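Structure first, commentary second.
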Amino acid sequence: MRLASSIDHSILKPNATTEAILHGAQLCIEYHFGAYCVNSSNVATAVRALSTSPIPVAATVAFPFGSVTTSAKAHETYDVMRLGAREIDMVANIGWMLDNNWAGVTEDIKAVVGSAGGAPVKVIIETGYLTRDHILFAIDAIAKAEAHYVKNSTGFGPKGADIEEMSWIRKMTPPHIGVKAAGGIRTRVQAIELIQHGINRIGTSAGPALVKEGVDQ
């Protein structure tokens, strides 16, 4: 698998300007990234910038805390799909996971999956707040809700992607569900090692640095 096509190039900082979003889109085109991940208010700009490219825009939902109502998540998902997003990166309700409210977590994810209308839904569980038992229950909730990916971090939480945890998550996740790693992935070596451990997607704002050190064909 080409490294570039596994990368979700991400511009998610709260101070991202229109100029930054447009520049990120150009980088996606130049490096042939797999997707362009932006906050929901920037979806329309990103979609227009990629209008002549097959690269999908992935929109964040309830980012970065996940602590909005389920109906708000469902509506935000519907809204970004209407604007042209083709993938969703949603944040699960972290407090509910810590409360072991797994029925609520599952229904929360289901609402987003329903609003996404078949588009891939990546569920961010922010593992830095969770025990291994919590992570196992979260994976089960994601499977029950028929979402498409487990994602470890927003990149704004207390922990990013480390090889040991990501490898374990991949082993614990059903094979039909993808695993996306995010948070602190800044080098080509890190990205390739994650992929070698079975990770399907890499979320990073450092996409060019990950691919330009070698010919990625």
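The values are calculated or read from the model by the stated rules, or taken from the named source; none is laboratory data. Quick caveat: nothing in here was measured; it's all calculated off a predicted structure. Cβ: placed from backbone, ideal geometry, glycine included. Neighbour counts: every protein chain shown.
Key figures
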| read-out | value |
| --- | --- |
| Selection from segment 3-28 of residues that are among the hydroxyl-bearing types (Ser, Thr, Tyr) and either more than 16 Å from the chain's Cα centre (by Cα) or at pLDDT below 95 (or both) | Thr17, Thr18 |
| In segment 31-56, the residues that are touching a residue at least 40 places away in the same chain (Cβ under 8 Å) and not hydroxyl-bearing (Ser, Thr, Tyr) | Phe33, Gly34, Ala35, Cys37, Val43, Ala44 |
| Filter pass, Val43 being crowded, with 18+ Cβ neighbours inside 10 Å, in contact with a Phe, Trp or Tyr (Cβ under 6 Å, 6 or more places away or on another chain) and at pLDDT 95 or above | no |
| Top-ranked residue in segment 166-187 [being within 16 Å of Ser10 (Cα to Cα) and modelled with pLDDT of 95 or more; ranked as surrounded by the fewest Cβ atoms within 10 Å (Cβ to Cβ)] | Gly184 |
| Residues of segment 139-163 satisfying the condition of being over 23 Å from Ala209 (Cβ atoms), surrounded by fewer than 19 Cβ atoms within 10 Å (Cβ to Cβ) and of a type outside the set (Gly, Ala, Ser) | Asp140, Lys144, Glu146, Pro158 |
| Residue that is of a type in the set (D, E, K, R) and either over 14 Å from the mean Cα position of the chain (by Cα) or within 14 Å of Ile142 (Cβ to Cβ) (or both), where the choices are Arg86, Arg82 | Arg82 |
| Scan of segment 149-165 for residues that are more than 17 Å from His9 (Cβ to Cβ) and β-branched (Val, Ile, Thr), ordered by number | Val150, Ile163 |
| Unique match (being closer than 23 Å to Phe137 by Cβ and surrounded by fewer than 18 Cβ atoms within 10 Å (Cβ to Cβ)) among Asn101, Asn15, Asn93 | Asn101 |
| Condition broken by Ser115, with the remaining ones in (1) in contact with a Leu (Cβ under 8 Å, 6 or more places away or on another chain); (2) buried (at least 17 other Cβ atoms within 10 Å of the Cβ); (3) hydroxyl-bearing (Ser, Thr, Tyr) satisfied | (1) |
| Scope segment 65-97; condition free of Cβ contacts under 8 Å to residues at least 24 places away in the same chain and polar (S, T, N, Q); matching residues | Thr69 |
